[in-house]
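Below you'll find the structure, written out as structure tokens, and then a few comments.
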Amino acid sequence: MAPHLVQPGWRFWRQAACTLGASVQHRTWAGTPRIPRPGSLWGATTTSPRICRSGSSTSARAPEVTLTRERYPVRRLPFSVVSREDLEAFERVVPGRVITDPEVLEASNVDWLRTVRGSSAVLLRPRTSEEVAHILRYCHERNLAVNPQGGNTGMVGGSVPVFDEIILSTALMNQVISFHDLSGTLVCQAGCVLEELSRHVEERGFIMPLDLGAKGSCHIGGNVATNAGGLRFLRYGSLHGTVLGLEVVLADGTVLNCLSAPRKDNTGYDLKQLFIGSEGTLGVITAVSILCPPKPRAVNVAFLESPFYVLIETSGSRAGHDAEKLNDFLEQVLRSGLVTDGTVATDHMKVKALWALRERISEALSRDGYVYKYDLSLPTERLYDLVTDLRVRLGPQAKHVVGYGHLGDGNLHLNVTSEAFSPSVLDALEPYVYEWTAGQRGSVSAEHGLGFRKRGVISYSKPPEALRLMRQLKALLDPKGILNPYKTLPAQA
């Protein structure tokens, strides 16, 4: 089972389901009659809207995002500035794919949450790893900073420039290279969209080991670069286990091809692990080899109401056996009073509709004002305590303090909303949230990474010795520091 904890109260669920229409068929247990609430989620649609994060999360009427260099205390490092000669050199490498139009660049300069904004004047769209190698070799020689970018769906400002770094987009690197029908090994370019890969392997009887709310926009290369967790983490584990091999272009243009790694390979250092979760600071991932599990023959999703709302998904090979186990569990928790109501879906479209409610929470929160987001790992028994503590601590300063996440692996998505950005709210949240998390021996980043906005808090989760080794690895692989500067590692004094 893969349980997911969501915020009590109907308001955000109504916002998350605001575009949904017809009804999900449901069944109740133990003869319990259903009394629908006004505007309740039992009126959700049988189809699931695709969640695409492209550019910002708000409408065209949203105010312009302040430049990162003006909003945050960050100093530009001594990189070169892109010249006309540089643009001409790039045009020879990727003809017709050197973008300098400010209107086109805007979406790539601003993160999805609209909290950070760079001022890059050029975006490059290579199609092959060879083109990436040529670009990085040139940038290394010229000391030009580079910002690798996938689908730009990140939550911590890791995928957009801080200053005027060159944006290196993987959007055109979107080809499936191979799929092995017996082993389930998929090899593809880094710019393949996760949802499209899911369709590709599902047609062949497999599924991707990763599933995210942003699957309609995020790229597999970005998923690997951030070690994205997602909804299937509890069942299939992290990408450190399911990624079999990588092709990576290093800062000096060297192509490191480790794609052909078999499932069992005990020869030397496992180099791919360095790049999984490195957020583009050690190299640019250009291709991925990933193990896809067989597609379950039976999937059941239960949406339960208690003091919280809980989504549980089971998957297996025998529909009757799985349904019987789930129903036994549901009848037990209903009789005990732990769960007060719920619904079960087995139809594919109804399953997607229930999951859409969970996946759209982040978008719903973005409509509630300014959002302070935290992605924490905590002991399961303390998972919600921080939410209740913050409600007392913040009082009327906050519109809402919302907690939801992945109950099975102790991942809390903590969100605080206010009418607009408030320094006093931020001061009340930080470093309190990080100190509270460190006190529970948790992690200040469970799955979103550190990016630009969280790089300064890595010391709450990693000792000085680990941080020192990380800096040494960065200096070894990227001695000029041109790859995704200002990200992951804190600024040095």
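Couple of notes before you dig in:
- Filter result for the condition that a residue is among the basic types (Lys, Arg) and free of Cβ contacts under 8 Å to residues at least 24 places away in the same chain, over Arg199, Arg204, Arg142, Arg232: Arg199
- Selected residue (only one of Leu197, Leu172 is outside any strand (DSSP E or B), buried (at least 19 other Cβ atoms within 10 Å of the Cβ), modelled with pLDDT of 95 or more and at negative phi): Leu197
- From the list Thr242, Thr254, Thr281, Thr286, the one residue that fits, being of a type in the set (Val, Ile, Thr) and over 23 Å from Val156 (Cβ atoms), is Thr254.
- So Ala420, is it at pLDDT below 95, over 22 Å from the mean Cα position of the chain (by Cα) and surrounded by fewer than 16 Cβ atoms within 10 Å (Cβ to Cβ): yes
- Among strands (runs of 3 or more DSSP E) entirely within region 283-347, having at least 1 residues that are closer than 30 Å to Glu131 by Cα and hydroxyl-bearing (Ser, Thr, Tyr) singles out 284-291.
- Scanning region 296-335 for residues that are polar (S, T, N, Q) and either closer than 26 Å to Val402 by Cα or at pLDDT below 85 (or both) yields Asn300, Ser306, Thr314, Ser315, Ser317, Asn327.
- Any chance Asp270 is modelled with pLDDT of 85 or more, in a helix (DSSP H, G or I) and not assigned by TED's automatic domain parsing to the domain that holds Gly408: no
- Extreme residue, surrounded by the most Cβ atoms within 10 Å (Cβ to Cβ), among residues of region 57-92 that are among the charged types (D, E, K, R) and at pLDDT below 90: Arg71
- Selection within region 462-493 - over 17 Å from Asn147 (Cβ atoms), in a loop (DSSP other than H, G, I, E, B) and touching a helix residue (DSSP H, G or I) at 6+ places or on another chain (Cβ under 7 Å): Pro490
- Look at (1) out of contact with any Cys (no Cβ under 9 Å at 6 or more places or on another chain); (2) farther than 20 Å from Ile312 by Cβ; (3) modelled with pLDDT under 90 and you find that Leu338 fails only one, number (2).
- Scan of region 98-148 for residues that are in a helix (DSSP H, G or I) and either at positive phi or of a type in the set (Lys, Arg) (or both), ordered by number: Arg137, Arg142
- Only one of Glu131, Glu165, Glu141, Glu106 that is of a type in the set (D, E, K, R) and within 30 Å of Leu376 (Cα to Cα): Glu165
- Some residue of region 236-245 being outside any strand (DSSP E or B), buried (at least 19 other Cβ atoms within 10 Å of the Cβ) and modelled with pLDDT under 95: yes
- In region 304-315, the residues that are more than 17 Å from Asp211 (Cβ to Cβ) and not polar (S, T, N, Q): Leu304, Glu305, Pro307, Phe308, Tyr309, Val310
- Residue check for Arg335: in contact with a helix residue (DSSP H, G or I) (Cβ under 6 Å, 6 or more places away or on another chain) and of a type outside the set (Asp, Glu): no
- Odd one out for His448 among (1) loosely packed, with under 14 Cβ neighbours inside 10 Å; (2) touching an Asp or Glu at 6+ places or on another chain (Cβ under 9 Å); (3) at pLDDT below 95: (1)
The values are calculated or read from the model by the stated rules, or taken from the named source; none is laboratory data. Just so it is clear, the model here is predicted, and its values are computed rather than measured. Heads up, the Cβs are rebuilt from the backbone with ideal geometry, glycines too, and the neighbour counts pull from every protein chain shown.
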